[in-house]
Amino acid sequence: MHQYSALQWISRCCVILWVLCLQGCDQSATIKADEDAKRAPWPHGAMITAANPLAVDAGKRMLVEGGNAVDAAIAAHLVLGLVEPQSSGLGGGAFLLHYDYASRATTFLDGRETAPAAATPDMFITEQGVMGYIEAWTSGKSVGTPGTVALYFEAHQRLGKLPWTTLFEPAIELAEGGFIVSPRLAGYLPMMAKRSLLAKNPGVRDYFYPEGIPLSEGTRLKNPAYAATLKRIALEGPKAFYTGEIAASMVEAARQLPHSGSLSLDDLANYSVKVRPVICGPFRDLNLCTTAPPSSGAAQIMVTSLYGHLKPQDASSDDRIAAFVDAQRLAYADRDHYFGDPDEIDVPVDTLINPLYLEARAKDRFAPSEDPTPGNVSAFNQRSDTAAFAPDTTEEMAGTTHLSIIDSFGNAVAMTATVEGPFGSQRWASGFVMNNEMTDFAKAVSDDGRPLANAVAPNRRPRSSMSPTMVFDALGELILVTGSPGGNSIPAYVAKSIIGILDWGLTPQAAVNHPNIIARGETVRVEVSSEAGKSIARNLESRGYDVKRREGENSGLHVIQVTPDGLEGAADPRREGTVAALP
Ligand code: GLU
């Protein structure tokens, strides 16, 4: 008879307890209420890490003024919308995951863009067939109803501390006084002039290419239109954005050719933020809490748990990388197949993160050259309909940002924000670019009449790879805040930060710097710009994987670890971010 080791018994008991509390089990519910009354003040000070030093400064300023993590996140993100317009801003969407130290409650606010009411499943199909990457990216059809401003307001109303108007001050000052164009922003512009409509469309043309010349690194750039928009939102609240002149400028931008979009004033006036469940699942004795669909946060629970099953005992570092690759391949196959807008389709997320499903899923074997198929969830939940989705191969582009914050009260925010492709749809509204988030939907319709989980539909939210995540220890204390941009590669990047820190024993910065490895489908992309990356590529090739060697990757991991000695943060050297700490 099989003998269980003590460790196996503990892990089985954890699984049983987890299954028992599957319905409605969250971070806060696992802790006895009377313990909260005795909760000691947070001992570790504050930290913020984000993709641009000016944004980090703005967030830090809020923290110094007595603000909390939500205040700092909004102020920092308002600056990112100015200084990093290629990644995110008012014209896009965002997910915000919040942890409240005193109550231990976690909250997920979904500010994802929605499809206009007049959107149709075949809107990306022309007489020539499904629109290609650039045609869809530059089209007006790609513009969804932006959610970021509504998210700021909802977050501030529920959780903010400083006055609403204070949050806008750093970004207004920079927009009026000017900021220095960063190498990354300047670096995009020549390529964007060739590949997109950024140098042609009204508004963006004059802002990014004054006199027809791309802005160069080091130029002081002012954005008075952005300052004017922020002043109105600061004084009048989100209705100044979702109705009136600013709303009209967004509709006009979306309606421009080519492929005029259908965004309307009604779409904007009707936008609302969704408060969705925070989903949690075990990784060893730790608890990963992350954002529910339409986010792909659940993939973090899947990858880490599958990795735990696939990693051999006494694994060498090469074995650990192979287990990480196989865990990703299985999780991506499920994510790609099943995820979509949970208000519109039945996403079997409770099954996909169920430890019993993941234990069985880890036994599914695919040769390194095979494209793994999705797991059979109907065997676990009797919902045969969810197995009937058609395959989805949606591509995502790189135009997103992530920030992580812990404030001096011990509250935390992980926020990932996006305009989808670089500079979104390259359409200019009142001082900001409009998103192209509708290209995150499946653009094709299925050949066989089966629906796609991520098909376009009116008012629907496209599936997102964005995965802001927090990890808690066995006592329920916060130990990690993480997230990244990177399109479809986000689940791989974020999982690397979690497994790198919590299993490979790396510091946050070493985990962020570690070569990225993305295993989706039948190929494995490995970042080979370092010797470590080359060695990983050789190891995987020797095991039969089809390795695509990449000199660089587009992660933007911003991570904070809570250690017994205090906070340790990391900013991704592949972007321009920094970390700031407050005692
Ligand atoms: N739009 C993508 C998403 O929501 C993210 C794109 C990126 O990270 O660059 O998943």
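The values are calculated or read from the model by the stated rules, or taken from the named source; none is laboratory data. Nothing here was measured: the structure is a model prediction, and the numbers come from that model. No Cβ is skipped: glycine too gets one built from the backbone with ideal geometry, and neighbour counts run over all protein chains shown. Accessible surface areas use protein heavy atoms only, side chains included; no ligands, DNA or RNA. Shrake-Rupley method; radii C 1.70, N 1.55, O 1.52, S 1.80 Å.
Please list the non-local residues whose amide H lies under 5 Å from the amide H of Leu480, H modeled 1.01 Å from N, same-chain partners needing a gap of 5 or more. Excluding prolines and chain starts, which carry no amide H, the hits are Val471, Val562. Calculated FRET efficiency, Glu245 and Lys200, Cβ-Cβ r, R0 25 Å, to nearest 0.05? Efficiency, rounded to the nearest 0.05: 0.55. For the pair Glu531 and Leu235, the difference between a 0.36 nm per residue extended length and the Cα-Cα distance amounts to 101.3 nm.
Listed values for region 157-172 are Karplus-derived 3J(HN,Hα) couplings in whole Hz (6.51 cos²θ - 1.76 cosθ + 1.60, θ = phi - 60°), namely 4, 7, 10, x, 10, 6, x, 3, 5, 4, 5, 8, 4, x, 5, 5, and x replaces Gly and Pro. Compare the Cα positions of Asn411, Phe179, Phe366 along the charge dipole of the chain (+1 at Cβ of Lys, Arg; -1 at Cβ of Asp, Glu; about the Cα centre) and return the one farthest towards the positive end. Looking along the dipole axis, the top candidate is Phe179. Over the chain, DSSP H runs of length four or greater, each weighted -39,500 (n - 2.57), average out per residue to a 222 nm ellipticity of -10500 deg cm²/dmol. Amide H to amide H, with H built 1.01 Å from N, Arg550 comes under 5 Å of Val526, Glu527, Val528, counting only residues 5 or more places away or on other chains.
Computed packing ranks the peptides 446-453, 559-566 as 559-566, 446-453, most packed first, by mean other Cβ atoms within 10 Å.
Full extension of the chain between Asp364 and Asp343 gives 4.6 nm of extra length, using 0.36 nm per residue less the Cα-Cα distance. Legend: translational diffusion of the chain by Stokes-Einstein, Rh = Kirkwood radius over C-alpha pairs, 4 °C, 1.567 mPa s; D = 54 µm²/s. Modelled spin-label separation between Ser260 and Glu551, with each label point placed 7 Å from Cα along the Cα-to-Cβ direction: 4.4 nm. What the phi angles of region 231-245 give under the Karplus curve with 6.51, -1.76 and 1.60, with θ = phi - 60°, is a coupling list of 4, 5, 5, 4, 7, 10, x, x, 5, 5, 8, 8, 9, x, 5 Hz, glycine and proline written as x. Label-to-label distance for Ala102 and Gln157 is 2.1 nm, based on points extended 7 Å past Cα in the beta-carbon direction.
Quick check: convex hull over the Cα atoms of region 243-392, volume per residue in Å³, rounded to an integer?
In region 243-392, the Cα hull volume divided by residue count equals 176 Å³.
The order of Tyr545, Tyr133 by accessible area, most exposed first and with a 1.4 Å probe, is Tyr133, Tyr545. For Thr114, the residues 5 or more places off, or on other chains, whose built amide H falls under 5 Å of its own are Thr145.
Packing, taken as the mean count of other beta carbons within 10 Å per residue, orders the peptides 355-364, 247-256 from highest to lowest as 247-256, 355-364. Put a dot 7 Å past the Cα of Asp371, heading toward its Cβ, do the same for Asp314, and the two dots end up 4.0 nm apart. One decimal place: the segment Glu252-Val275 gains 5.3 nm when fully extended, by the rule 0.36 nm per residue minus the C-alpha distance.
Compared with the dominant principal axis of the Cα atoms in the chain, helix 6-20 is inclined by about 50°.
For the peptides 119-131, 229-241, the ranking by mean Cβ contacts within 10 Å, running from highest to lowest, is 229-241, 119-131. Between the Cα long axis of helix 53-64 and the first principal axis of the chain there is an angle of about 80°, rounded to the nearest 10.
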